[in-house]
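Notes follow the structure.
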Amino acid sequence: MPSTRFLGSLSTPRVDITIDTGNLFFNHALEGFLKIGSVAATRSIAEDSFKAINGGKLSKHCLERSLKKMCKEGAYWGSVAGVYVGMEYGVGRIRGTWDWKNAMIGGALTGALVSAATNNNKDQIVSDALTGGAVATASVLLNYLT
């Protein structure tokens, strides 16, 4: 019976940014901020570009609004990522070990901090902490599988 196979590998380009602040904690947090912030800004501008092209209108006002949204999204998600990466690194330093539990604790702390900064509902803060811990843990465990 004839069969075909695909042999080869598929990989994405990798860009590494190295900024040395003199402190490993700040280095990790800044790297997380820059990487995820740039992804969020790129997503935002791509979404707005699609809307402008699809809608058929492009004006100075649309460009200004898109730029503001791009900066806001990049700063927000970059800050969340920076806090998470910093928390995960800090927890690892405190515990003296590097495993999935650091991601779980770092994600829970980040979820609680971001939630507390945006609302005063205690139940929502706890829910966001649980969600942050679950998402971070799932991310690390999925990375172990690949």
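The numbers here are math on the coordinates, done by the rules we state, and not lab data. These numbers were taken from a predicted model, which means no experiment stands behind them. Cβ: placed from backbone, ideal geometry, glycine included. Neighbour counts: every protein chain shown.
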Please tell me the relative contact order of the range 55-146 in percent, rounded to the nearest whole number, where contacts are Cα pairs under 8 Å and at least six residues apart.
24
Quick one: Cα centre-to-centre distance for the range 46-116 and the range 15-29, in angstrom?
17
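Report the rotationally averaged projected area of the range 22-79 based on its alpha-carbon convex hull, in square nanometres.
4.0
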Radius, Kirkwood style, for the range 29-113 when every pair of distinct Cα atoms is counted (Å):
14.3
With a Förster radius of 25 Å, plug the Cβ-Cβ distance of ILE94 and ASP20 into 1/(1 + (r/R0)^6) and report the FRET value to the nearest 0.05.
0.65
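Below 13 angstrom from the Cβ of SER66, what's the summed charge of the other residues (Lys, Arg +1; Asp, Glu -1)? Numbers along the way, then the final one.
Working: positive: ARG43, LYS51, LYS57, LYS60, ARG65, LYS68, LYS69, LYS72; negative: GLU47, ASP48, GLU64, GLU73.
The answer is +4.
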If we count other beta carbons within 10 Å of each Cβ, what is the order of LEU109, LEU145, LEU34, LEU63, fewest first?
LEU145, LEU63, LEU34, LEU109
Which order results if ASP128, ASP123 are arranged by neighbouring Cβ count within 10 Å, fewest first?
ASP123, ASP128
Using the 10 angstrom Cβ neighbour count as an exposure proxy, how do ILE94, ILE105, ILE45 rank, fewest first?
ILE94, ILE45, ILE105
Dimensions of the range 99-146 along principal axes (Cα, Å, largest first)?
38, 12, 12
What percent does the relative contact order of the range 99-146 come to when contacts are Cα pairs within less than 8 Å and at least six residues apart?
49
Which whole-Hz couplings ³J(HN,Hα) result when phi for each residue of the range 129-146 is put into the Karplus expression 6.51 cos²θ - 1.76 cosθ + 1.60, θ = phi - 60°, listed in order with x for Gly and Pro?
5, 5, 5, x, x, 5, 5, 5, 5, 4, 4, 5, 5, 5, 5, 5, 6, 9
Once you charge only the Cβ atoms, +1 for Lys and Arg and -1 for Asp and Glu, what is the size of the charge dipole of the chain about its Cα centre, to the nearest 20 debye?
380
Segment TYR76-THR146, extension gain: residue separation times 0.36 nm, minus the distance between their alpha carbons
22.3 nm
Gaussian network model of the chain, Cα within-10 Å springs - most flexible of PHE25, PHE33, PHE50
PHE50
FRET E, pair ASP123, CYS62, Förster distance 30 Å, beta-carbon r, rounded to 0.05:
0.15
Could you list, in their original order, any pairs among LYS68/LYS122; LYS35/LYS122; LYS101/LYS122; LYS35/LYS68; LYS35/LYS101; LYS35/LYS69 whose Cα atoms are separated by more than 28 Å?
LYS68/LYS122; LYS35/LYS122
